Amino acid sequence: MLNRRSFLQFTSLGTASVFTSKLFATEKKGFRPIVISTWNEGINANKAAWNILRSKGRALDAVEAGVMVTEASQNCCVGLGANPDRDGIVTLDASIMDEHGNCGCVGALERIKHPISVARRVMEKTPHVMLVGEGAQKFAIAEGFPLEPQQLSADAERSYKEWLKKSEYKPVINIENKGHGPFAPLHLENGDWNHDTIGMVALDAMSNLSGSCTTSGMGFKMRGRLGDSPIIGAGLYVDNEVGAATATGLGEEVIKICGTHLVVEFMRQGNNPETACRKAVERIVKRDKEKAKNTQVGFIAINKKGEFGGYCLQKGFNYAVCYGDDTNFMVDAKHWF
Ligand code: SD4
């Protein structure tokens, strides 16, 4: 069996994707601090989060700083460069949750670069949990967030024009790792375009958990549509006694089972993170197997010990795991079908 030292050497070679939380579950090893996040872009996001965690910073600060990297990136579909709704407007959703069970969310936010930070302000500065649309934008401006120009990125514009030819809404499985829109891949040459969502959960040196989730939602969605990402218990949930989970994929299916709350409750019952995620995936399958066969949903989770895991419906979902200066690697999640 690999000992921890040889495992770390192995992971630093960047070849650890064959390992899953099973390894940790069987070895009963956890890590603290630790941060995990969805899809390939999670690697860069984890780096920013790790900078905070490694110097004994708060998990909440780490999960905000981490996903801000993705929101600001020109090289992925999260944030203002992302695909628009079917009316051609980019609308962003985000949620954040801390170790005290405080949470803040924004939905259908337009022209603001960092929805995750607005979500945090909602949590910290208002008596509410969620602000949406015009009201969320008004609040952001009052808080000093600049209003960005209303214009599609060149890539989103190209995808949108392509989409308009058929105007057909059809989610594409693993679009996050395929390209920029339902007609992806458009930008796979350099492997850059691979997102419309990032979810991140972290455990800090003080043993506190937090999580964040930020998205442009499904490309070419109906105007006004919200997915799971800004909904506490669906796209994100944190219980500091137990663990934290976040979700990606077709938000409607996640909302219907209160996905991340369910994952955390499964961990509370003693399941390790991977098993908890698998059981939530199973719930989606049981509800509507035929639909599940053509849908992608992925969950990732960490528990209070720093054990981690993920599970998804279809092959192709991966997540980034970081618990050391040189230990930041991708894991291919196990899949149901
Ligand atoms: C949504 N769950 O809006 C998001 C989309 C997503 O990777 O996760 N894409 O339904």
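The values are calculated or read from the model by the stated rules, or taken from the named source; none is laboratory data. Worth saying up front: this structure is predicted, and the values here are computed from it rather than measured. Note that we place each Cβ from the backbone using ideal geometry, even for glycine, and neighbour counts take in every protein chain shown. Ligands, DNA and RNA are excluded from the accessible area calculation, which covers all protein heavy atoms including side chains. Shrake-Rupley method; radii C 1.70, N 1.55, O 1.52, S 1.80 Å.
The string of couplings for the range 52-57 from the Karplus curve (6.51, -1.76, 1.60, θ = phi - 60°) is 7, 5, 5, 9, 6, x Hz, one whole number per residue in order, with x for Gly and Pro.
The accessible surface of the range 224-337, taken with every protein chain in place and a 1.4 Å probe, is 46 percent carbon and sulfur.
One decimal place: the segment Ile89-Gln150 gains 21.2 nm when fully extended, by the rule 0.36 nm per residue minus the C-alpha distance.
Ordered by solvent-accessible area of protein heavy atoms (1.4 Å probe), largest first, the residues Tyr323, Tyr237 come out as Tyr237, Tyr323.
Heavy atoms of the protein chains alone define the surface here; on that basis the range 250-308 has 39 Å² accessible area per residue at 1.4 Å probe size.
Given a Förster distance of 25 angstrom, what is the FRET efficiency for Asn102 paired with Lys286, based on the Cβ-Cβ distance and rounded to 0.05?
The value I calculate is 0.15.
Beyond 28 Å in Cα-Cα separation lie the following of the pairs Lys291/Lys334; Lys161/Lys334; Lys221/Lys291; Lys47/Lys334: Lys161/Lys334. In this view, the solvent-accessible surface of Thr91, computed with a 1.4 Å probe and all protein chains in place, comes to about 10 Å². In this structure the amide hydrogen of Met130, modeled in the peptide plane, comes within under 5 Å of the amide hydrogens of Cys105, none closer than 5 places in sequence on its chain. Couplings 3J(HN,Hα) for the range 295-300, derived from phi with the Karplus relation 6.51 cos²θ - 1.76 cosθ + 1.60 (θ = phi - 60°), are 10, 10, 9, x, 10, 10 Hz, where x marks Gly and Pro. In plain terms, the chain from Asp326 to Glu134 could stretch by 64.9 nm, reckoned as 0.36 nm per residue minus the Cα-Cα distance. Each of Gln74 and Glu157 was given a label point 7 Å from its Cα along the Cα-to-Cβ line. The distance between the two points is 1.4 nm.
In this simple spin-label approximation, Lys315 and Lys165 carry label points 7 Å from Cα along the Cα→Cβ vector, and these lie 2.9 nm apart.
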